[in-house]
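Have a look at the structure below before the remarks.
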Amino acid sequence: METPTQSEVSGGKRLVSAIAFLVLGVAVVSTVGFTLHSVSADSQKKSYATVNGTADVNGATLKHAFVSESVFPDDATARANHVNRTNTHPWPFYTEEHLVLPAHSLVTMTLKVYDGGEKLNTNYFAKVLGTVDNTMLVDGQQVSSLAPDAVQHTFTIHGLPTSTQDSLFVNIPLPKMSDAEMEKNGFHTVVFSFVTGGAGEYVWNCEYPCGDGTYAKFGAVMGQNGYMSGKVSVVNG
């Protein structure tokens, strides 16, 4: 029986090492692919706007779509107002996570808002922007802005400008509730309308710093989908 030479042993070790490296590489690629797929998967519940008739906007006749949601400070307030949702965290939240809106339409949105507030980091987000006439109705009264220290949250739609989709930017400052109003489970009703362009993917988020102490109170809830941020899809059809 011949004894393997040192070069043959070294070659065998290199072959084993190469095979092990290849197996490890395949495993890493598979794991990364699975992780990216999981992260990119759309697990958010979709809320579809309902088209009901048409509306004339600046001389154009558009489909008129309607959508509603609410903003609660916690689960207990939501349940007291007959809204049941199982939340992982005891944070304030918007009830709708992923809004689906028709393209080239007038969208009228109604928000019932139940939370308190403090002060915005910047006065810019106290203005109503991107709506028809840059106004909204608060409990039936037409409003174009709020005092920066009278805001509970904002509902802000935006997206990066691209060559493949129209721009869309809407900012709605939501009026805060007083402690007495909150104790009575009171709420403000905010109604606003804006026009969508072509199909595209956008996000919505709150620009009021209602998170924990990190990142100037923009941590925790502020970056969590389904609480203070979510998606907006504008679709054809």
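Nothing in this text is a laboratory measurement; each read-out follows from the coordinates by a stated rule. Because the structure is a prediction, the values reported are computed rather than measured. Note that we place each Cβ from the backbone using ideal geometry, even for glycine, and neighbour counts take in every protein chain shown.
Annotations
- Karplus-derived 3J(HN,Hα) values for the stretch 96-106, using 6.51 cos²θ - 1.76 cosθ + 1.60 with θ = phi - 60°, are 10, 8, 10, 8, 10, 10, x, 6, 6, 9, 8 Hz; glycine and proline are entered as x.
- With each label modelled as a point 7 angstrom along the Cα→C-beta vector, the THR86-THR54 pair spans 4.6 nm.
- Pairs with C-alpha atoms separated by more than 20 Å, drawn from the list LYS119/LYS231; LYS45/LYS231; LYS112/LYS184; LYS46/LYS119; LYS184/LYS231; LYS176/LYS231, are LYS119/LYS231; LYS46/LYS119; LYS184/LYS231; LYS176/LYS231.
- Estimated FRET transfer efficiency when R0 is 45 angstrom, pair ASN236-ARG79 (beta carbons, to 0.05): 0.75
- Coupling constants for the stretch 46-55 follow from the phi torsions by the Karplus curve (6.51 cos²θ - 1.76 cosθ + 1.60, θ = phi - 60°), and in residue order they are 8, 10, 8, 5, 9, 7, 9, x, 10, 9 Hz; glycine and proline get x.
- Rel. contact order, % - alpha carbon contacts under 8 angstrom, at least six apart, the stretch 44-235: 24 percent
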